[in-house]
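Enquirer: To start, I am sharing the structure in question, which I have written as structure tokens.
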Amino acid sequence: MSAQPINFVILGASGDLASRLLLPGLGTLLATNGDRHVRVIGVARSEKSDAEWQDLIRTVLGEQECGRAALQQVAESSRWVQVEDYGGAELAALLNDLDGPSVLYFALPPAATEQACEGLCGQDLPDDLVLALEKPFGNDLEGARRLNALVAELAPEERVFRVDHFLGKNTVLNVLGVRFANLLLETAWNADRIERIEIVADETLALEGRAGYYDNAGALIDMVQSHLLLVMSLVTMEEPARIATPELPDLMLHTLRSTHLWGDDPIEASKRARYIEGEVDGKRVPAYVDEEGVDADRNTETLAEVTLEVRNQRWAGVPILLRSGKALAEDRSTITVRFRPVRHLPEGLEGGCPENVLTIGMTPQRIALSLATNTDTQRLRLSTTELGAELGESPLRPYGEILGRIFDRDHLLSVRGDVAEECWRILEPVIEAWRSDRVPLEEYAAGAAI
Ligand code: NDP
């Protein structure tokens, strides 16, 4: 066991993120690296006993095949703290009482995170306190700037980690290997060779009781604004000299600064829709507006689509579509790169020129390249052959990857403040157009294949 235990203090530990993603992620981290000594301090306004919290930790970590010794050590040293609110003197006192380094993880909706940060400003906090903030960072560009300014009052940037777990997915990191370690692709990675890029994250999950957060966010803010724009920046950025900081965030920022809505027109470049009653995997799903806690008048979308252009020498003229939807027919997160047709097809080759398409699957984890080949039966007729491979699952869940780096104070997978703000800047015109109802809210049946 490492000598110095880390206090992992989760604000909002009663929520969905903590039990469904953070604790399982921690479990995979401890299963692959049993040397870490972590105490999990759950903080919330809801009541829970230490024993209940420790039982939950035992169950969730046990499911991740975390070794017995590590599991016992984490569970026994963990505790639950009920607070009246998340900022202020009560929390500062708790942090100052803890022995060893602490990571304060804001697993709260964005408005509550901002309130908690406000409450902590002016409090005496431990000198080496690390802050970890969940996406979305703020509720809009102004909110992101405000939050960044508040956070800067609490800690210098080297002790601030903004979390977007998509950056912890091994298939997302795989984009870097695929792009920069293959001459064939590297030389073709530009507007001369690529016609169109699509980055899609569709899920079968409907609301699943998350109205409190989701009905205020919607698909654009929940998925496109952070997850998909960050993936896009990795797909389109220039080549880094090293996979390290500051190279990676510098180049992500560089490409995001060049990114604009297609045609600068939020109405033509965006689409929003909301699911009505339907069936997903044979199960009836009620209409989004009939889900508990949803306010139909908010017009929250459950599917968002935007088309962007990275206006630089490499990408100008290539539409880049980002889309995410809930309650759809399948779980499918993919990066699809469609290459241009050859300039000339020799006479005698029949059937038209099939498209070359590279697909990097985030879910399922798969890579495939489709090539034009002759068919077996008619030798001069072209068809498509797919070369594909399943990509190995990482033993670390995305949150395990991210938490390990936060505990080690490694910023590689953290979202830098200026990168977070730039993501909001790109989508501001869409958010405004949707708020003022200039883009119609379409409908789709739950379970639809789009
Ligand atoms: P929840 O809505 O479940 O909120 C977490 C906890 O925060 C609640 O249990 C509640 O605890 C407290 N809380 C909720 N609303 C308020 C409020 N208005 N003021 C103060 N406290 C409040 O959110 P999630 O756990 O789903 O998500 C937390 C953060 O993580 C969000 O920013 C979300 O974007 C992000 N995230 C979530 C993912 C997920 O799948 N859940 C995935 C990726 C990111 P109590 O009442 O006990 O104090």
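The values are calculated or read from the model by the stated rules, or taken from the named source; none is laboratory data. As the structure is a prediction and not an experimental result, all values here were calculated from the model. Cβ atoms come from the backbone with ideal geometry, glycine included; neighbour counts cover every protein chain shown.
Enquirer: Among the residues of the range 39-59, how many are surrounded by 21 or more Cβ atoms within 10 Å (Cβ to Cβ) and not in a helix (DSSP H, G or I)?
Expert: Number of matching residues: 5.
Enquirer: Among the residues of the range 198-248, how many are part of a loop (DSSP other than H, G, I, E, B) and hydroxyl-bearing (S, T, Y)?
Expert: Taking the range 198-248 first, the residues part of a loop (DSSP other than H, G, I, E, B) are 203-210, 237-246.
Within this subset, residues satisfying the condition of being hydroxyl-bearing (S, T, Y) are 204, 245.
Qualifying residue count for the region: 2.
Enquirer: Here are G278, G218: which of them is among the small types (G, A, S), within 13 Å of the ligand (Cβ to nearest atom) and either within 30 Å of A446 (Cβ to Cβ) or in contact with an Asp or Glu (Cβ under 8 Å, 6 or more places away or on another chain) (or both)?
Expert: G218
Enquirer: Find all pairs meeting these conditions: Cβ atoms under 6 angstrom apart; at least six residues apart or on different chains; first residue within the range 146-165 and touching a residue at least 60 places away in the same chain (Cβ under 8 Å) and at negative phi; second residue among the hydroxyl-bearing types (S, T, Y) and crowded, with 20+ Cβ neighbours inside 10 Å.
Expert: F161/S414; R162/S414; D164/S226; H165/Y399
Enquirer: OK, next. Is at least one residue of the range 329-347 among the small types (G, A, S) and buried (at least 19 other Cβ atoms within 10 Å of the Cβ)?
Expert: yes
Enquirer: Moving to a separate point now. Starting from residues that are more than 8 Å from the ligand (Cβ to nearest atom) and under 21 Å from A111 (Cβ atoms), keep the ones in the range 6-41 and report whichever is nearest to the chain's Cα centre (by Cα).
Expert: Here the answer is L22.
Enquirer: From the list L387, L369, L382, which one is surrounded by fewer than 16 Cβ atoms within 10 Å (Cβ to Cβ) and without any contact (Cβ under 8 Å) to a residue 40 or more places away in the chain?
Expert: After applying the criteria, what remains is L387.
Enquirer: Just the residues that are charged (D, E, K, R) and within 16 Å of the ligand (Cβ to nearest atom), please, taken from the range 51-73.
Expert: E52
Enquirer: Now for a separate question. For the range 311-364, enumerate the residues that are closer than 30 Å to R284 by Cβ and in a loop (DSSP other than H, G, I, E, B).
Expert: Passing the criteria: K326, A327, A329, E330, D331, P364.
Enquirer: Within the range 120-153, count every residue that is touching a Leu at 6+ places or on another chain (Cβ under 8 Å) and surrounded by 18 or more Cβ atoms within 10 Å (Cβ to Cβ).
Expert: 12
Enquirer: Right, next: Which residues, counting only those in the range 193-215, are among the basic types (K, R) and within 16 Å of the ligand (Cβ to nearest atom)?
Expert: Correct list: R210 only.
Enquirer: For the range 27-38, name all the residues that are in contact (Cβ under 8 Å) with a residue 60 or more places away in the chain, in contact with a helix residue (DSSP H, G or I) (Cβ under 6 Å, 6 or more places away or on another chain) and in a helix (DSSP H, G or I).
Expert: G27, T28, L29
Enquirer: Got a sec? Which of D290, D281, D331 is more than 25 Å from W189 (Cα to Cα), over 25 Å from the mean Cα position of the chain (by Cα) and assigned by TED's automatic domain parsing to the domain that holds Y214?
Expert: D290
Enquirer: Going by the structure shown, is R162 within 16 Å of the ligand (Cβ to nearest atom), among the charged types (D, E, K, R) and in a strand (DSSP E or B)? Break it down stepwise before answering.
Expert: Details: within 16 Å of the ligand (Cβ to nearest atom): yes; among the charged types (D, E, K, R): yes; in a strand (DSSP E or B): yes.
Yes.
Enquirer: Moving on to the next point. What residue, of E118, E76, is assigned to a helix (DSSP H, G or I), at pLDDT 95 or above and more than 12 Å from the ligand (Cβ to nearest atom)? Write out each step before concluding.
Expert: Working: E76 fails: at pLDDT 95 or above.
Exactly one residue qualifies, and that residue is E118.
Enquirer: Can you say whether Y399 is in contact with a strand residue (DSSP E or B) (Cβ under 6 Å, 6 or more places away or on another chain), buried (at least 18 other Cβ atoms within 10 Å of the Cβ) and not hydrophobic (A, V, I, L, M, F, W, C), as far as the supplied structure shows?
Expert: Details: in contact with a strand residue (DSSP E or B) (Cβ under 6 Å, 6 or more places away or on another chain): no; buried (at least 18 other Cβ atoms within 10 Å of the Cβ): yes; not hydrophobic (A, V, I, L, M, F, W, C): yes.
No: the conditions fail for Y399.
Enquirer: Do we find that V130 is in contact (Cβ under 8 Å) with a residue 60 or more places away in the chain, β-branched (V, I, T) and closer than 26 Å to D410 by Cβ in this structure? Can you show your working first?
Expert: On the way: in contact (Cβ under 8 Å) with a residue 60 or more places away in the chain: yes; β-branched (V, I, T): yes; closer than 26 Å to D410 by Cβ: yes.
Criteria met by V130.
Enquirer: Return the pairs, sorted by first residue and then second, in which the second residue is of a type in the set (V, I, T) and assigned to a helix (DSSP H, G or I), the first residue lies in the range 420-446 and is over 24 Å from L251 (Cα atoms), the beta carbons are less than 8 Å apart, and the residues are 6+ apart or on different chains.
Expert: Here the result reads I431/I221; V439/V430, each pair linking the range 420-446 to a residue that is of a type in the set (V, I, T) and assigned to a helix (DSSP H, G or I).
Enquirer: Among the residues of the range 86-97, which ones are touching a helix residue (DSSP H, G or I) at 6+ places or on another chain (Cβ under 7 Å), within 16 Å of the ligand (Cβ to nearest atom) and not aromatic (F, W, Y)?
Expert: G87, G88, L91, listed by residue number.
Enquirer: Okay, next question. Condition (residue is part of a helix (DSSP H, G or I) and of a type in the set (S, T, Y)) applied to the range 389-408: is it met by at least one residue?
Expert: The answer is yes, given that some residue of the range 389-408 is part of a helix (DSSP H, G or I) and of a type in the set (S, T, Y).
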